[in-house]
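Everything below concerns the one structure shown next.
The values are calculated or read from the model by the stated rules, or taken from the named source; none is laboratory data. None of these values were measured; they are calculated from a predicted model. Reconstructed Cβ throughout: ideal geometry from the backbone, glycine too, with neighbour counts over all protein chains shown.
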Ligand SMILES: [Fe+2]
Ligand SMILES: [Fe+2]
């Protein structure tokens, strides 16, 4: 397929997720995913070494890692497409990779697991709201919506793995909540930064006007009240204490 116009420029793609702001939000998450998933994979692999290797949780952890590797490959390609559209995605990806590697080198395995479980919780909460009828994902068929639906379903289905590992390794409530707050702040900062970068570039090159972006953001706040409410409730659910079990998986 030739994507170039007669003057050699790559033509603008339509906003695949109905509005500019919802498209930017999911594209912004995609930027975080290859490095974020690498972090989670490496933590789950290390944590799973503490388990009886024939336990259900060890088996679930192996499946979890295989799924995350597949997501990682898919989002690397997705991000390459964003780069081709003119967004400076690889620059962000490298910075996130470096930040996470440096955080990982300084933290104990328990702290790393608390951080990874927090990322997984936030991802699963967003995934549930993305997938619901009238949720944050467009019902229109596109490569992006198909990829996100597949990814979101697997996130919802495997979220219990990191929670089970938290229980199995006995992560204290305070440590779990501390890293949850840190993960939430980090994700919110990075996603908003990328959304801002995408919008600024598109406004500069007249793919969209500043007014259209503002109106799309306003509509998200006003018309997606239920989705935003569900996000808040799901996020807050992390403050509930975990039920004690699964310690039988430990060596
Ligand atoms: Fe994933
Ligand atoms: Fe995941």
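Residues checked against (1) surrounded by 12 or more Cβ atoms within 10 Å (Cβ to Cβ); (2) touching a residue at least 60 places away in the same chain (Cβ under 8 Å); (3) on the phi > 0 side of the Ramachandran plot; (4) within 16 Å of the chain's Cα centre (by Cα):
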position: 174; (1), (2), (3), (4): no, no, no, no
position: 186; (1), (2), (3), (4): yes, no, no, yes
position: 206; (1), (2), (3), (4): no, no, yes, no
position: 219; (1), (2), (3), (4): yes, yes, no, no
position: 227; (1), (2), (3), (4): yes, yes, no, no
position: 240; (1), (2), (3), (4): no, no, no, no
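The condition of being out of contact with any helix residue (DSSP H, G or I) (no Cβ under 9 Å at 6 or more places or on another chain) and part of a helix (DSSP H, G or I) holds for only one of 185, 217, that being 185. A residue that is away from ligand 1 (no atom under 15 Å from the Cβ), under 15 Å from the mean Cα position of the chain (by Cα) and within 30 Å of residue 134 (Cβ to Cβ) cannot be found anywhere in region 69-76. The residues of region 91-104 that are surrounded by 14 or more Cβ atoms within 10 Å (Cβ to Cβ) and more than 17 Å from residue 41 (Cβ to Cβ) amount to a single one, 92. Within the option set 165, 100, being more than 19 Å from the chain's Cα centre (by Cα) and within 16 Å of ligand 2 (Cβ to nearest atom) holds for one residue only, 165. Of the residues making up region 135-155, just one is within 16 Å of ligand 1 (Cβ to nearest atom) and outside any helix (DSSP H, G or I), namely 137.
Check whether at least one residue in region 44-60 is within 16 Å of ligand 2 (Cβ to nearest atom), in contact (Cβ under 8 Å) with a residue 40 or more places away in the chain and farther than 17 Å from residue 169 by Cβ, and report yes or no. Within region 44-60 (the criterion being within 16 Å of ligand 2 (Cβ to nearest atom), in contact (Cβ under 8 Å) with a residue 40 or more places away in the chain and farther than 17 Å from residue 169 by Cβ), the answer is no, since none of the residues qualifies. You will find that of 145, 123, 139, the residue that is more than 13 Å from ligand 2 (Cβ to nearest atom) and surrounded by 15 or more Cβ atoms within 10 Å (Cβ to Cβ) is 145 and no other.
Run down 70, 47 and say which single residue is farther than 19 Å from residue 188 by Cα, at pLDDT 95 or above and crowded, with 21+ Cβ neighbours inside 10 Å.
Working: 70 fails: crowded, with 21+ Cβ neighbours inside 10 Å.
Only one candidate qualifies: 47.
Residues of region 33-44 include at least one that is surrounded by fewer than 18 Cβ atoms within 10 Å (Cβ to Cβ), under 19 Å from the mean Cα position of the chain (by Cα), within 16 Å of ligand 1 (Cβ to nearest atom) and more than 30 Å from residue 209 (Cβ to Cβ).
Results for (1) at pLDDT below 95; (2) more than 23 Å from residue 186 (Cβ to Cβ); (3) within 14 Å of ligand 1 (Cβ to nearest atom), shown as yes or no for each residue.
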position: 53; (1), (2), (3): yes, yes, no
position: 95; (1), (2), (3): yes, no, no
position: 99; (1), (2), (3): yes, no, no
position: 106; (1), (2), (3): no, no, no
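Restricting the search to region 52-67, which residues are surrounded by 13 or more Cβ atoms within 10 Å (Cβ to Cβ) and under 17 Å from the mean Cα position of the chain (by Cα)? Within region 52-67, 64, 65, 67 qualify. Out of curiosity, is residue 81 surrounded by fewer than 21 Cβ atoms within 10 Å (Cβ to Cβ), within 11 Å of ligand 1 (Cβ to nearest atom) and under 18 Å from the mean Cα position of the chain (by Cα)? Considered against the rule, which asks whether it is surrounded by fewer than 21 Cβ atoms within 10 Å (Cβ to Cβ), within 11 Å of ligand 1 (Cβ to nearest atom) and under 18 Å from the mean Cα position of the chain (by Cα), residue 81 comes out as no.
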